[in-house]
Each structure stands twice: as C-alpha cells, then as structure tokens.
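The structure appears below as structure tokens.
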Amino acid sequence: MALRNSDAVVPMPILVGSPRSGTTLLRLMLDAHPLLAIPPETGFIPAVAALSGTSTQRRAAFAARLTLSSGWSGNWPDFGLSAESLWAKLQAVEPFDSSTGLRVFYQLYAGRFGKPRWGDKTPLYCRHLQRIQDVLPEARFIHLIRDGRDVAVSLRRRWFSPGHSIERQAWFWRRNIERARREASCCRHYLEVRYEALVLNPEATLRRICAFIDLAFDASMLLYWKHAAERLAEHQQRVDAAGSVLLSQAQRQLQQQCAAAAPDPGRIGAWRGELRRDEHWRFRLVAGRLLDQLGYPR
C-alpha cells in the first residue's frame, strides 16, 4: 500500500549546500544510522513538484522523470530500483499527487536496506527550499556551509564546476548560500551546520543534527567510512541519449574519494596553500563580506 499524506509525519532530512561543502560526507554519516537511508543525489523534486494535468497524466510524467537513465540528470541507475516496482507502487496512489509519489520512491529506496526512514542529499536543492517544503512538508533542511575558499579549490577542478576563475567560484558560493538563506526565511525547519564543526567534532555535530530530525544518535554514524566505498559504488556512469559515456563510474567515484575516508582536519584551510595571494584578494572582492559574516578567518 502506498503512503498517503496523513502517514507522512516522520521528519525527512534534506541535505543542501553549495557543491563541495561536505554534503556527501554528511550523507554517508547519516546513512550509516541503522534507521535512515539517504540515496545518491536525486535532482527531480523541483520538476515533479510542478506537474499539472489529470491524475493519470501526472502519474505518467512523474514516473518518466524519476526513471530517466541518460543525460546529466538521468540519475535512476544510481538507486538500484526497478522501474516496474516503482510503477506498481505509483498505481496504488489514487488520485495521484507528487507528494505521495515522492514518498513512495524514498520508501522503496529505504526498503532496499530494511530501513524505515529516509532523507535526501542534493546540494543545489538549496535554491528550492520553499518548493520542496510545499510538496514535502515533513522536510527538515540541513544546510552545510564550508569556507568558500576551500570550496573553490575543490570545486574548480571538477567537471560540474561553474567556471575556473576565482571570481566565478566566489560568486557561485555566495549566491548559493544567500539563496538558501532567503528560501529558509519561509521554511518551518532549517538548520545551518558548519563543515568545519562536522570534521573537527563529528559526534557533537551529529548529535545536534539528530535532535533536529528527531532521530536518536547512534555511534555507527561515526564509523561511516567502513562502508563508504560500498555506498558510493551506487554511483553509475552517466550516458547520453545515444549511449555514449558522459562520465564513467570511476570518474564519479574519484570525485568523492575524500568522503570515503575518516574526516580529515587537514582539508580545513587548504586554500592557504592552494590559492595565490592575488586569487585570495579577488575572491574576497566578490564574497569577502559573506566570509566575514560567517566568521571565517582572513
């Protein structure tokens, strides 16, 4: 039987933040909890939240969007589910609505691991908090914030970087944080967490997060790295509509290799050794005020 709106009373953590701020690390930590499963990035909530038409039309469009398997947003292969099992569950939702459809998807994913609760980790959902809250009122947003200069030295080497210039990196980081905070002003449940605190004091930080999502702390979260490689192996290659590889599985896993190890305090302040003096100055011209507001050292 599919979940109905009245059943959706358990808080759902949704991890957001400017890319390369540590959301994968936090996902692996929370996913290590025996009661909670968090899939690889989804990316489809804003699109399915806006579906219109008849119940039948919405159901078909919903299933088509979730099960995309090609293109940069074709994430379906990562979830380890069959389209047939999803469709069978969606047919039990009548009349169909995206809220219940999304819960059906997350319930199916958590069921793979025998877990009763679920969440989401998609960094750029930081731009869509209000829309997500509308479709999933049980959402509890956890915004992970990291020193933008450390974000820049990590992000600009990645295929999904918005650009290599330090000005572009600074603008992207500032825009994402400011947008999330504007969106959060109308959200019922929103928590900001610092990446640096998560790395330097993981237990205290995880206890704070668990309290926010009404989940009892479990020490297994501190040992997430023991199973991190297995969880990251879900990340499949990306292919285009013609079947050509856009990004290999090995490339996708390589970009998350730091998250598969125990927290490394040495990555905090890495920008001091990796940014030239002029780059630091140019970053501050764009985002220095936000760095200061967040209390990051000069």
Quiz item: What number in nm² do you get for the chain if you take the convex hull of its Cα atoms and divide its surface by four?
Solution: 15.4
Quiz item: Any idea which of GLN169, ALA219, VAL239 is furthest toward the positive side of the dipole for region 136-247, if Lys and Arg beta-carbons carry +1 and Asp and Glu beta-carbons -1?
Solution: GLN169
Exercise. Give me TRP271, TRP173 ranked fewest to most by other Cβ atoms within 10 Å of their Cβ, as a rough exposure proxy.
Key: TRP271, TRP173
Quiz prompt | Residues listed by number, region 40-68, amide nitrogen under 17 Å from ALA233 label point at 7 Å toward C-beta | solution = 40
Practice problem: Go ahead and collect, in residue order, the members of region 54-68 whose backbone nitrogen is under 19 Å from a label point 7 Å along the Cα-Cβ direction of GLU94. | Solution: 54-63
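What does the charge count near LEU254 come to, summing +1 for each Lys or Arg and -1 for each Asp or Glu among other residues with Cβ under 12 Å from its Cβ? Don't skip to the end; give the middle numbers.
Details: positive: ARG157, ARG158, ARG252; negative: none.
Neighbourhood net charge equals +3.
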Self-check item: Nonlocal amide H pairs with ALA139, under 5 Å, H built at 1.01 Å
Solution: MET12
Quiz item: When we measure straight from the Cα of LYS89, which aspartates and glutamates land under 15 angstrom away, once same-chain ones fewer than 8 places off are left out?
Solution: ASP97
Quiz item: Rounded to the nearest 20 Debye, what is the dipole magnitude of the chain about its Cα centre when Lys and Arg each give +1 and Asp and Glu each give -1 at the C-beta?
Solution: 800
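With r as the distance between the Cβ atoms of SER73 and SER165 and R0 = 35 Å, compute the FRET efficiency 1/(1 + (r/R0)^6) and round to 0.05.
Details: r = 25 Å, r/R0 = 0.73.
FRET efficiency, SER165 to SER73: 0.85.
Can you compute the helix-only [θ] at 222 nm over the chain? Use -39500 (n - 2.57) per DSSP H run of at least 4 residues, normalise by all residues, nearest 500 deg cm²/dmol. Let's see the in-between values first.
Values: 14 runs with 132 residues, N = 298.
That comes out to -12500 deg cm²/dmol.
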Quiz prompt | Alpha carbon Rg of region 7-146, scaled by the compact-globule rule 2.2 N^0.38 Å | solution = 0.99
Quiz item: So, in Å, what gap is there between the alpha-carbon centers of region 51-123 and region 140-191?
Solution: 27
Quiz prompt | Per principal axis, descending, Cα span of region 140-199 in whole Å | solution = 36, 25, 17
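Can you tell me the length gained on complete extension of the stretch GLN293 to GLN253, counting 0.36 nm per residue apart and subtracting the Cα distance?
Residue separation times 0.36 nm, minus the Cα-Cα distance, leaves 11.0 nm.
What helices does the chain hold that run 18 Å or longer along their axis, going by alpha-carbon atoms, with a Kyte-Doolittle average of -1.0 or more, using DSSP H for the helix calls? Can you show the working numbers first?
Numbers: long enough: 98-111 (19 Å, 0.19); 166-184 (27 Å, -1.53); 277-294 (22 Å, -0.69).
In the chain, the long hydrophobic H runs are 98-111, 277-294.
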Self-check item: FRET efficiency estimate (nearest 0.05) - Cβ-Cβ, ARG127 to LEU246, R0 30 angstrom
Solution: 0.85
Exercise. In nm, give the distance between the simple-model label positions of ARG272 and ALA216, each being 7 Å from the Cα along the Cα-to-Cβ direction.
Key: 4.2
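How big is the antiparallel share of DSSP beta bridges in the chain, given as a percent to the nearest 5?
Numbers: 2 of 16 bridges.
Around 10 percent of the beta bridges assigned by DSSP in the chain are antiparallel ones.
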Practice problem: Enumerate the aspartates and glutamates that LYS115 could reach by cross-link, defined here as Cα to Cα under 20 Å, with residues fewer than 8 away along the same chain left out. | Solution: ASP7, ASP31, GLU41, ASP78, GLU138, ASP214, ASP218, GLU230, GLU234
Exercise. First select every other residue whose beta carbon is under 15 angstrom from the beta carbon of ALA228; then total the charges, Lys and Arg +1, Asp and Glu -1.
Key: +1
Exercise. May I ask you to sort PHE212, PHE105 by Cβ crowding, counting other Cβ atoms within 10 Å and putting the fewest first?
Key: PHE212, PHE105
Quiz prompt | Residues SER85, SER244 arranged by fewest to most Cβ contacts within 10 Å | solution = SER244, SER85
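Read-outs: derived from the displayed coordinates by stated rules, not from any lab. Because the structure is a prediction, the values reported are computed rather than measured. Glycine also receives a Cβ, built like all others from the backbone with ideal geometry; neighbour counts cover every protein chain displayed.
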